[in-house]
Protein chains: 2
Amino acid sequence: MNAPTTPHALLPQIHQRNVPPELVAALKAQFGTRCSTALAVREQHGRDESVFDVPPPAAVVFAESTADVAAAVGLAAQYRVPVIPFGVGSSLEGHLLAVQGGISIDLGRMNQIVAIHPEDLTVTVQPGVTRKQLNEALKSNGLFFPIDPGADASLGGMCATRASGTNAVRYGTMRENVLGLEVVTASGAVVRTGTRARKSAAGYDLTRLMVGSEGTLGVMTEITLKVYPLPEAISAAVCSFPSIEAAVRTTIAIIQMGVPIARVELVDAKTVRMVNAHAKLGLREEALLLMEFHGSPASVKEQAETVQEIAADHGGNAFEWASTPEERTRLWAARHNAYFAAIQSRPGCRAISTDTCVPISRLADCLLESIDEADASGIPYFLVGHVGDGNFHFGYLIDPHSAQERATAEALNLKLVQRALRMDGTCSGEHGIGLHKMDFLVAETGAGAVDMMRAIKTALDPHNIMNPGKIFAL
Amino acid sequence: MNAPTTPHALLPQIHQRNVPPELVAALKAQFGTRCSTALAVREQHGRDESVFDVPPPAAVVFAESTADVAAAVGLAAQYRVPVIPFGVGSSLEGHLLAVQGGISIDLGRMNQIVAIHPEDLTVTVQPGVTRKQLNEALKSNGLFFPIDPGADASLGGMCATRASGTNAVRYGTMRENVLGLEVVTASGAVVRTGTRARKSAAGYDLTRLMVGSEGTLGVMTEITLKVYPLPEAISAAVCSFPSIEAAVRTTIAIIQMGVPIARVELVDAKTVRMVNAHAKLGLREEALLLMEFHGSPASVKEQAETVQEIAADHGGNAFEWASTPEERTRLWAARHNAYFAAIQSRPGCRAISTDTCVPISRLADCLLESIDEADASGIPYFLVGHVGDGNFHFGYLIDPHSAQERATAEALNLKLVQRALRMDGTCSGEHGIGLHKMDFLVAETGAGAVDMMRAIKTALDPHNIMNPGKIFAL
């Protein structure tokens, strides 16, 4: 681990490549009105939830099929023009920004559920299907898909960023739940990786190489996922703690004892106040753990009892239980609304989100030191965490027009990442590298590993057209 | 999926590259007696459990450190000579054979447990540590590592082949349980992938690219793994069934209901007879399921009751239960000894093992059709299966001197693979591709995906020195 020593550059490097009018004409000829050069459309596709400001792509193609994607990429390859796949635009690290120009391929219309195989616990979807749409479709089969990033993201975007969410502590992340892919490569060819078998030792794991590659190795056009039987019983609870440390130590004990908890999420007292103000939830304004237990009725009861004992040992009290879907939704609103409640707590602000993940035994130290730093900085923030995984997010609420606030937030993020790396952790648990964490990636993994990534990228995309300038400089 | 149409070539393509005496001299100068050119040593390192016969490597280096591996690979790179990493020699698909000549690096002396972090449920080991050695070391910490291929394989070999075993249905395979690696690359550089964090979205998933790469992308010199708390309660059972179909349909129902069973293994009646003859276990000579349940005492009891009901619906009976470690060991001996019992049932024979894995709903059809074919061929065989994953192994017991028996076995394997691919399955659940399944890999994944693998290989190993000629022709 090489500690990064300077804050990340506050603006991305922009080297716009030329998009020749011949390419735009060819796209319009191929796609008609499904190729747009309207500024509003381009601007909508040239940003995400990050704070960066970059010129938009030159054109947006609305793909409706794998053949569309292959045709668009094929044309872009011919003119050596960058291609940026777009799902719903909810990524956080600048993944969608056209830092080298190029065209955006919007996959939102590729939103068909291709096949549900309840008997095999697999589903095949197009990349524009969102996680909520998928769960609606699965419900009548008694199934669900557990990965739930904050936004109602597209499955393609979730694959691209190796997303996780609140259920990862039990069900894993996209890494563990994608069985196979159809991918349009940089040359416009269509390749399949993986099968519907649950495991495989057949050659390089191209599926997992694509998952988390942030659009830099190809465009995913079909995704086969593991799904799970809806648990026979589900019970959720919220528990207040006298301190963040007590909540975190409770979490550590739960994980170390091997309780198969489905969700265990931290919301700090500041953030509970924001959520209460936003949605009048009337929660106790203390550090909270939100928990959920899945299993047979007896197993859920047993897990809940064990966790109550552990929490009581750490001063946790005021357990509030929810067993009906409606009660659970109300409880989880506190977690799911945290981001928007926080944004609204400071009108006009934007959030710079951190994403470190550390081994569970280091979680309390990592969090508490970082809270002290954030408090000392005076920057308002929210704090939530997938603490069962050792992953948490500060959202520093900055005035986007204040260079000083931005610099302060980036300096806090840098110190947090340095701390997480010292503790054998990672700079990104689930948001990805994008534009924002490229220096952190080098610090985390070393130049040699990043050079390996670059060599793979160059081998699979020799003209560097697939979402260039993300993950590493190239 | 492109169905393979011809049986795999019965002998590997051999293109021995020159190993210059200067390289051997340099290795001897560097490693002294830890570099051997004795024929017996070379022969021992030039074979595995496969049926292939190939000239041995020119020299064997016994590495004791990452620096040793880096030095040996660096010298081999200088002379552009192949390097084949060696663990315990238990692979099944010809992975260790020096089809292009070169040197073997024996990692058996790199057998230190580097660090156990019980509080984080992680362990870091050198690649020569075997799975049994690891579990011995973990036991006193109340932990275990679940992946258990038949042999007492090395963790390095298990990473290289993406191994799994009997616990994969609950705990996943090496794919899901390796957190990070130290790797010596083809140039002799040392690179780290991953951290001790449970999840990460930091750049390309080099860890999973290395896992299953069969030594073709680098030599793993340190491995960080997830480990698990020893379950509070463990109970194992054997249950006899009137037919294979009844046993398989029981398994399918268990999986589809979401019972968190830890192990569910099939042994067919023929194989039970072999095991009884070998070890006098006195088991009923019918199709068996061997099962194991992990959890709290109440959860184990509940799982066992559910499974007994399902089994009874399919005519399963004569449950025999084992709760003490000694009883469990006796029960599992039937499964673990199947390979050796089968080999001994036909003196002088060798086993050609199949390794298909299909979606669980197709398991009964895939198995039953393949059994009919095997019975019709007259070749003796054993049959065992990690049926909870849809993975099973026929071991065709052939006279290695009979070209006809070999051809018959390969023809059976071909038909089985074709069937599995038609059913959305894979040619290899856990043994890897090696020399033996290269044609099957192309049939399974298509030439485009194999070309992607080849491009990655060429980018990371431009002189093709890392275990060349495995997975794909190059």
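The values are calculated or read from the model by the stated rules, or taken from the named source; none is laboratory data. Not measured: the values here are computed from a predicted model. Using ideal geometry, Cβ is built from the backbone for each residue, glycine included, and neighbour counts are taken over all protein chains shown.
Taking the criterion of being in contact with an Asp or Glu (Cβ under 9 Å, 6 or more places away or on another chain) and surrounded by 22 or more Cβ atoms within 10 Å (Cβ to Cβ), would at least one residue in segment A:300-309 satisfy it?
Within segment A:300-309 (the criterion being in contact with an Asp or Glu (Cβ under 9 Å, 6 or more places away or on another chain) and surrounded by 22 or more Cβ atoms within 10 Å (Cβ to Cβ)), the answer is no, since none of the residues qualifies.
Given the structure, is A:THR195 among the hydroxyl-bearing types (Ser, Thr, Tyr), more than 18 Å from B:SER164 (Cα to Cα), modelled with pLDDT of 95 or more and outside any helix (DSSP H, G or I)?
no
Somewhere in segment B:209-231, is a residue at the interface with another protein chain (Cβ under 7 Å from one of its Cβ atoms) and of a type in the set (D, E, K, R)?
No, segment B:209-231 contains no residue that is at the interface with another protein chain (Cβ under 7 Å from one of its Cβ atoms) and of a type in the set (D, E, K, R).
Which condition does B:GLY156 not pass, out of (1) in a loop (DSSP other than H, G, I, E, B); (2) modelled with pLDDT of 95 or more; (3) away from chain A (no Cβ under 11 Å), if it passes all the others?
(1)
Of all residues in segment A:400-441, which are crowded, with 20+ Cβ neighbours inside 10 Å, more than 8 Å from chain B (Cβ to nearest Cβ) and among the β-branched types (Val, Ile, Thr)?
Hit for segment A:400-441 is A:VAL417, nothing else.
When you go through A:ARG208, A:ARG263, A:ARG284 one by one, which is the residue that is more than 30 Å from A:GLN100 (Cβ to Cβ) and modelled with pLDDT of 95 or more?
Checking each option against the conditions leaves just A:ARG263.
For segment B:72-109, which residues satisfy the criterion of being among the β-branched types (Val, Ile, Thr), more than 18 Å from B:THR221 (Cα to Cα) and more than 21 Å from the chain's Cα centre (by Cα)?
B:VAL81
In segment B:442-474, which residues are farther than 28 Å from B:GLY74 by Cα, of a type in the set (Val, Ile, Thr) and surrounded by 23 or more Cβ atoms within 10 Å (Cβ to Cβ)?
The one that is farther than 28 Å from B:GLY74 by Cα, of a type in the set (Val, Ile, Thr) and surrounded by 23 or more Cβ atoms within 10 Å (Cβ to Cβ): B:THR445.
Looking at (1) at positive phi; (2) free of Cβ contacts under 8 Å to residues at least 12 places away in the same chain, can you tell me which one A:GLY89 breaks?
The number of the failed condition is (2).
Considering each residue of segment A:347-400, count those that are among the charged types (D, E, K, R) and under 26 Å from A:GLY172 (Cβ atoms), and give that number.
Number of matching residues: 4.
Per-residue answers, yes or no, for (1) outside any loop (DSSP other than H, G, I, E, B); (2) touching a strand residue (DSSP E or B) at 6+ places or on another chain (Cβ under 9 Å); (3) in contact (Cβ under 8 Å) with a residue 12 or more places away in the chain:
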| residue | (1), (2), (3) |
| --- | --- |
| B:VAL384 | yes, yes, yes |
| B:GLY388 | yes, yes, yes |
| B:GLY429 | no, yes, yes |
| B:ASP451 | yes, yes, no |
| B:ALA459 | yes, no, no |
| B:HIS463 | no, no, yes |
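Could you please find all residues in segment B:102-126 being more than 14 Å from chain A (Cβ to nearest Cβ) and either buried (at least 21 other Cβ atoms within 10 Å of the Cβ) or aliphatic (A, V, I, L, M) (or both)?
B:GLY102, B:ILE103, B:SER104, B:ILE105, B:ASP106, B:LEU107, B:MET110, B:ILE113, B:VAL125, B:GLN126
Which of the residues spanning segment A:250-259 are closer than 8 Å to A:HIS314 by Cβ and within 12 Å of chain B (Cβ to nearest Cβ)?
A:ALA253
A:ALA160 versus (1) over 22 Å from A:ALA71 (Cβ atoms); (2) out of contact with any strand residue (DSSP E or B) (no Cβ under 6 Å at 6 or more places or on another chain): which is the lone unmet condition?
It fails just one condition, (1).
So, A:PRO347, is that one in a loop (DSSP other than H, G, I, E, B), in contact with a strand residue (DSSP E or B) (Cβ under 8 Å, 6 or more places away or on another chain) and surrounded by fewer than 22 Cβ atoms within 10 Å (Cβ to Cβ) or not?
no
Could you please let me know if A:ARG175 is in a loop (DSSP other than H, G, I, E, B), touching a helix residue (DSSP H, G or I) at 6+ places or on another chain (Cβ under 8 Å) and closer than 27 Å to A:GLU119 by Cα?
no
With respect to A:TYR204, is the statement that it is among the aromatic types (Phe, Trp, Tyr) and under 21 Å from A:GLY156 (Cβ atoms) true?
Criteria not met by A:TYR204.
Which residues, taken from segment A:356-380, are among the β-branched types (Val, Ile, Thr) and away from chain B (no Cβ under 14 Å)?
Of everything in segment A:356-380, those that are among the β-branched types (Val, Ile, Thr) and away from chain B (no Cβ under 14 Å) turn out to be A:ILE371, A:ILE379.
Among the numbered conditions (1) over 23 Å from A:ASP355 (Cβ atoms); (2) in a strand (DSSP E or B); (3) not hydrophobic (A, V, I, L, M, F, W, C), tell me where A:ASN111 comes up short.
Single failed check for A:ASN111: (2).
Could you go through segment A:335-355 and let me know if any residue there is of a type outside the set (Ser, Thr, Tyr) and within 13 Å of another protein chain (Cβ to nearest Cβ).
yes
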